[in-house]
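*Asks:* Could you have a look at this structure, given as structure tokens, before my questions?
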2 protein chains.
Amino acid sequence: MALKKSFVPVEPESHFPIQNLPYGVFRPRRGGRPRIGVAIGRYVLDLAVLDEAGCFSHVPTLTEKEIFAQPTLNAFMALGRAAWRELRAAISQLLDAEEPTLRDNVLLRAASFHLQSEVELLLPVQIGDYTDFYASKAHATNVGTLFRGKENALMPNWLHLPVGYHGRASSIVVSGTDVRRPKGQIKLPDAADPIFSPSRQLDFELEVGWLIGAGNPLGEPIPIDAAEDHIFGVFLVNDWSARDIQAWEYQPLGPFLGKSFATSISPWLVPIEALEPFRIPAPKQTPEPLPYLSQNDTRSTTFDIQLEALLQTSTSEQPHRITSTNYTHLYWTIAQQIAHHTVGGCNLQSGDLLASGTISGEDKPSRGCLLELTWRGTEPIQMPNGEERVWLADGDRLTLTGYCQGDGYRVGFGEVTGRVLPAF
Amino acid sequence: MALKKSFVPVEPESHFPIQNLPYGVFRPRRGGRPRIGVAIGRYVLDLAVLDEAGCFSHVPTLTEKEIFAQPTLNAFMALGRAAWRELRAAISQLLDAEEPTLRDNVLLRAASFHLQSEVELLLPVQIGDYTDFYASKAHATNVGTLFRGKENALMPNWLHLPVGYHGRASSIVVSGTDVRRPKGQIKLPDAADPIFSPSRQLDFELEVGWLIGAGNPLGEPIPIDAAEDHIFGVFLVNDWSARDIQAWEYQPLGPFLGKSFATSISPWLVPIEALEPFRIPAPKQTPEPLPYLSQNDTRSTTFDIQLEALLQTSTSEQPHRITSTNYTHLYWTIAQQIAHHTVGGCNLQSGDLLASGTISGEDKPSRGCLLELTWRGTEPIQMPNGEERVWLADGDRLTLTGYCQGDGYRVGFGEVTGRVLPAF
């Protein structure tokens, strides 16, 4: 079967072919109110304009007025799975190389396409609750070794359940937002008491986030086989971390201020349907998990997503790749995480974010944070311009990017980038 | 000075004299849409009706239409501190025994007063982020001893910072909501592997919650001396806990499913102004906290709030008091908690909840949860009808209540109650 193509030109390395069609919220730089768009090649397709022009009038689930003339995706997500599917099909049809409706309408094309370079991408969704998991075995083992020693590295529960915790939703920001180095309590080695100081161990964490589009009522768990139906989309997450603040505060109730100063997300929500061609069997789990976490072997799957972290210091001209990893390194699947999250009755809601935790593989270049890459500061990263890094310095820019490689096309996530500002 | 009185009759033991005036959201049982009200004696005063009748037309900050004809307090809270103050003064004036406007208007009185027994009280606010602290030294010491042994009871950080963690906001429910016993992973003593089971160690936690009315921008900490200005109101919180699920899951990232199945709050938000007469010096702290957590001695204050937990089994006719404690048992103040929460730049938002953590004193009857009261199940509670309890049984009703005792009046919190339903 020939690859489906759009009349919009899309390079093979582009993250945004017609096979992707991720959702975002944007505002034209020349002015105008925020609205919802879809990325295609170097363009953003303005769904509010298309809707007003009647392009979706045949879509039965899209009768609501101005559903795309909104500053977030929440209202659209609340319409439910049937609406998401129908809209995706309608957009795919409109952009098809063989479909004249939009292709041959010069005025509508002029009104509905914006160059991505001419729009500002906004936080696409109002996040409700934010849960962060800890699903990479290599990451959990490395961090455990560094924080608690080899003996206590992997806790006894880790192989039995997808460990997770509640994160801070209010400080989630969109890619491009500068991140200020936090101050906080730090306990220096051999000091009797903590000091108050800007963090000296600022780090990133390479993660993938899943946005819940349809929730479950309180008290009614989501069975594992239905779990993925609740997902609206997928994006990249940088869970900025202040390791020195975290190390002093985190026992016994978990990370708090070491994480809550900022979490950055990429602006494009990739529909889970776009990841279907990249579904592969999930890693074998030993011991076998309890039944509520078990799918039969043909159904327990993960996604082949190539992921990178790039660091650019204030004096370097190019970003330098410091991590090259893959989503398949994760031990627990998103279906298992959703089933576990709700098994006690906890309700997920439309707009909730479930993040993977740092994605690290077994080998050193695949580690998804500086804590592991530099082994808590003892093995500096050599930058091409001669600089060294063990933690992030003021002025450093950290960028995460990722894509699924198809045959002649990529389904990409764009990027999430942020620059470190000095502490106040 | 004579005690200010309302023309509405209020018994001395009532929680709702004119000195209190807590906000809630209610719906008349005979029908009608949710709207905002204030408790006075045995009545709810309907602010939507008063507003429509023009009773607040002289209040400069209350120009917005239908601000009280809302299903939550969020829109009103977003108006800011000046509006809260002016409305409170206006309501206090309207209810004053000497003020004829409402007192002598028979029709308006009939339209604006509802018996509390004739309304349904709803969740008063859409909670944004929910943070739970751990501010009672006795509680932290007891739990630490039970979970980790005497040696590691109080972590080294505990005396230096108000330990807290992110809780689950979606599963916060209003008083009166039944709570279903969660299922989850439990590791029985001496078992090699966990099992999946309904929790066998269901517990309550007696807490006080502070609702943020005005937030801070990301990256801009709230100084401790300004912290209380951000508070809209105070209520009771029951942080239901499944101790067996919690014990197995909580390391290293903190409580998750052991708490996220439900958290109950009382329906009335007591304005912090109503607590002013009950302000007393905060406990002396040793070691002295870092400067960002320090106020001078005349300003570091807490509140004298008497608190109780009552247990009624399905076969007992009366609730039985199992805890009698006080907010003053807490080591860390709410001002310190707010200053700490934001010191790294984390933004609080209008609608965020900050809870105290379990409130326990030094002596046994003042312990705020069964884990401590029964010393993890080894010292059963004797109920008056001969029953025993170490954990909550299906059908048990747990109620928290509390008040500040003034001279001839009480500023009360009403109650937060919930009944345990069997696991599905």
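The values are calculated or read from the model by the stated rules, or taken from the named source; none is laboratory data. Only a predicted model underlies this, so the values are computations on that prediction, with no experimental measurement involved. Cβ sites come from the backbone with ideal geometry, for glycine too, and all protein chains shown count toward neighbours.
*Asks:* Given (1) in a helix (DSSP H, G or I); (2) more than 14 Å from every other protein chain (Cβ to nearest Cβ), identify the lone condition not met by B:Lys259.
*Replies:* That leaves (2) as the condition not met.
*Asks:* Scan the range A:395-424 for residues that are assigned to a loop (DSSP other than H, G, I, E, B) and loosely packed, with under 15 Cβ neighbours inside 10 Å and report the count.
*Replies:* 5
*Asks:* What tally of residues in the range B:291-316 results from selecting those that are part of a strand (DSSP E or B) and either touching a helix residue (DSSP H, G or I) at 6+ places or on another chain (Cβ under 6 Å) or not assigned by TED's automatic domain parsing to the domain that holds B:Ile381 (or both)?
*Replies:* Count: 2.
*Asks:* Ok, one more. Residue check, A:Gln285 against (1) assigned to a helix (DSSP H, G or I); (2) over 27 Å from B:Leu348 (Cα atoms), all met but one. Which one?
*Replies:* Going through the list (1) assigned to a helix (DSSP H, G or I); (2) over 27 Å from B:Leu348 (Cα atoms), A:Gln285 breaks only (1).
*Asks:* Next question. Which residue out of A:Arg29, A:Arg35 is over 18 Å from A:Leu108 (Cα atoms), at pLDDT 95 or above and assigned by TED's automatic domain parsing to the domain that holds A:Ser112?
*Replies:* One residue alone meets the criteria, A:Arg29.
*Asks:* Given the conditions (1) under 18 Å from the mean Cα position of the chain (by Cα); (2) within 14 Å of chain B (Cβ to nearest Cβ), report the number of the one that A:Thr342 does not fulfil.
*Replies:* So A:Thr342 meets the others, but not (1).
*Asks:* Tell me, which residue of the range B:59-87 that is polar (S, T, N, Q) and over 22 Å from the mean Cα position of the chain (by Cα) is nearest to B:Arg35 (Cα to Cα)?
*Replies:* This residue is B:Thr63.
*Asks:* Here's a follow-up. When you check A:Arg321 against the structure, is it charged (D, E, K, R), more than 14 Å from every other protein chain (Cβ to nearest Cβ), in contact with an Asp or Glu (Cβ under 8 Å, 6 or more places away or on another chain) and not in a loop (DSSP other than H, G, I, E, B), yes or no?
*Replies:* Yes: the conditions hold for A:Arg321.
*Asks:* Restricting the range A:138-169 to residues that are among the basic types (Lys, Arg) and within 10 Å of chain B (Cβ to nearest Cβ), which is surrounded by the fewest Cβ atoms within 10 Å (Cβ to Cβ)?
*Replies:* Only one residue tops the list, namely A:Arg148.
*Asks:* Could you list, in sequence order, all residues of the range A:172-187 that are within 8 Å of another protein chain (Cβ to nearest Cβ) and surrounded by fewer than 24 Cβ atoms within 10 Å (Cβ to Cβ)?
*Replies:* A:Val173, A:Arg180, A:Lys183, A:Lys187
*Asks:* Take the range B:336-380 and flag every residue that is assigned to a helix (DSSP H, G or I) and surrounded by fewer than 20 Cβ atoms within 10 Å (Cβ to Cβ).
*Replies:* B:Lys364, B:Pro365, listed by residue number.
*Asks:* Among the listed residues A:Glu151, A:Glu207, A:Glu118, which satisfies the condition of being assigned by TED's automatic domain parsing to the domain that holds A:Asp46 and either among the acidic types (Asp, Glu) or within 21 Å of B:His340 (Cβ to Cβ) (or both)?
*Replies:* Exactly one residue qualifies, and that residue is A:Glu118.
*Asks:* Here is a further query. When the residues of the range B:277-293 are narrowed to those that are surrounded by fewer than 16 Cβ atoms within 10 Å (Cβ to Cβ) and under 18 Å from B:Leu330 (Cβ atoms), which ends up nearest to the other protein chains (Cβ to nearest Cβ)?
*Replies:* Across the range B:277-293, the extreme among qualifying residues is B:Pro287.
*Asks:* I've got another one for you. Are any residues in the range A:157-196 touching a strand residue (DSSP E or B) at 6+ places or on another chain (Cβ under 8 Å) and within 30 Å of B:Pro189 (Cα to Cα), and if so, which ones?
*Replies:* A:Asn157, A:His160, A:Leu161, A:Pro162, A:Val163, A:Gly164, A:Tyr165, A:His166
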